[in-house]
Amino acid sequence: SIYASLLTMTPLRSLLGCVLTIALLCTPYANASNFNKPHSHTGKVEPFQPGDPKIKLDSKAMSILKAGKPYQTQVQSGSAGGRGLVVQDVDAPTSIVWERILDYDNYSNMVPKTIESKNYKIVPHKPTKANNFLEKEIYTRMKVGFPMLKLEFFVRHFLYIQHHKSLTWTLDYTKESDFDDSCGYWFILPHPDDPEEKTRLYYSVQVGMFDWVPKFVVDFMSSKALTDATAWVKKYSEIEWAKEVAKGGSRRTNDNAGGGQKENKSVFSNILPFGNSKKREEEERLAAEAAAKLALEEEEEAKRRRRLVVVRAGWKRYVLVAVVLSLAVYNVGMFVANNEKSQ
């Protein structure tokens with residue numbers, strides 16, 4: 001360790017080491033997430049655009065998908081260049097898949113590494129050409145946990161189910177997150193071989209991390225998170241579909257009087273913002289209450305964390321500084337003693 005190596009250094013190098021160590025011990029800790037403070041920037045990575053990624057699936061890709069495994073490839077995304085993308089087939093209707101993806105308040109029970117997740121604001125929109133047919137914005141506070149480390153971040157989701165069959169997201173830059181930046185994308189289609197009971201989904205994500213985040217966390221968020229995301233959606237969608245089938249329920253499309261097909265309206269009653277004003281108003285009220293409660297909790301948690309960091313950092317730094325200074329005194333003493341002997 002640095003302290004053991006100091007014992008074998010010359011007195012001058014030892015003193016320099018002590019000074020550098022004290023400087024390191026006195027540097028401030030990395031900033032923590034903060035619900036009431038804006039992020040340090042308003043976006044570094046280029047956001048995904050909704051719509052079909054236009055990925056061609058060759059025979060190899062189809063073989064992987066038929067085996068129930070995720071197929072990984074690259075997708076071009078504007079000036080951002082190539083980004084990793086995962087394709088996954090799910091044995092459940094698209095409505096159930098969307099319900100799992102949008103069940104943010106329940107992510108801690110489904111998504112690997114997620115320990116907390118809660119919506120704090122929902123903003124409905126009337127889809128128009130001017131807003132690229134945006135239906136809803138969903139703001140979600142999430143916290144992921146790793147050994148010795150927890151990261152909190154605030155996400156702004158953009159819902160485009162009706163027109164683009166997509167969901168995209170960025171950070172909510174009005175809040176300070178433990179991620180430097182993040183953006184992502186879902187594209188959900190009825191499966192071409194069985195559109196009534198199966199789904200083909202596409203997923204991509206890009207995450208920028210601060211320098212203080214350990215490399216194993218960066219590796220997980222940038223690579224393993226791709227296949228983990230589609231895996232949990234597949235698992236819980238198929239579980240939910242199996243429950244409905246066992247109960248005799250169905251999400252199949254039904255022929256209308258004109259001979260065409262229409263989606264079961266109950267499918268997206270909890271997803272789309274229009275058609276039920278009372279439900280929408282109640283949803284907005286609950287989201288506003290949750291946001292206010294979250295702000296108070298964040299403020300109290302920030303105060304508690306600051307007090308705890310000060311206490312922990314205080315005694316640890318005092319002990320370490322004392323050890324370093326003791327070593328410095330010891331080395332200076334040896335230096336003086338050696339000079340007296342040589343004289």
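Using C-alpha pairs below 8 Å separated by at least 6 residues, the relative contact order for the range 150-191 is 39 percent.
Let a ≥ b ≥ c be the square roots of the eigenvalues of the Cα gyration tensor of the range 160-247; is it rounded (a/c under 1.5), or, if not, prolate (a/b larger than b/c) or oblate? Since a/c reaches 1.5 and a/b is larger than b/c, the shape of the range 160-247 is classed as prolate. Computed from the C-beta positions of D211 and A61, the FRET efficiency with R₀ = 25 Å rounds to 0.10. For the range 62-132, just say rounded, prolate or oblate: build the C-alpha gyration tensor, square-root its eigenvalues into a ≥ b ≥ c, call rounded for a/c under 1.5, and beyond that prolate if a/b exceeds b/c, oblate if not. Oblate, since a/c reaches 1.5 and b/c is not below a/b.
Based on the alpha-carbon gyration tensor of the range 77-214 and its eigenvalue square roots a ≥ b ≥ c, which shape applies: rounded if a/c is under 1.5, prolate if not and a/b is larger than b/c, or oblate? It is prolate, given that a/c is not under 1.5 and a/b is the larger ratio.
Among the chymotrypsin sites (Phe, Trp or Tyr not before Pro) in the range 170-236, those placed in a DSSP loop whose Cβ has at most 10 other Cβ atoms within 10 Å are W212.
Read-outs: derived from the displayed coordinates by stated rules, not from any lab. Not measured: the values here are computed from a predicted model. Cβ sites come from the backbone with ideal geometry, for glycine too, and all protein chains shown count toward neighbours.
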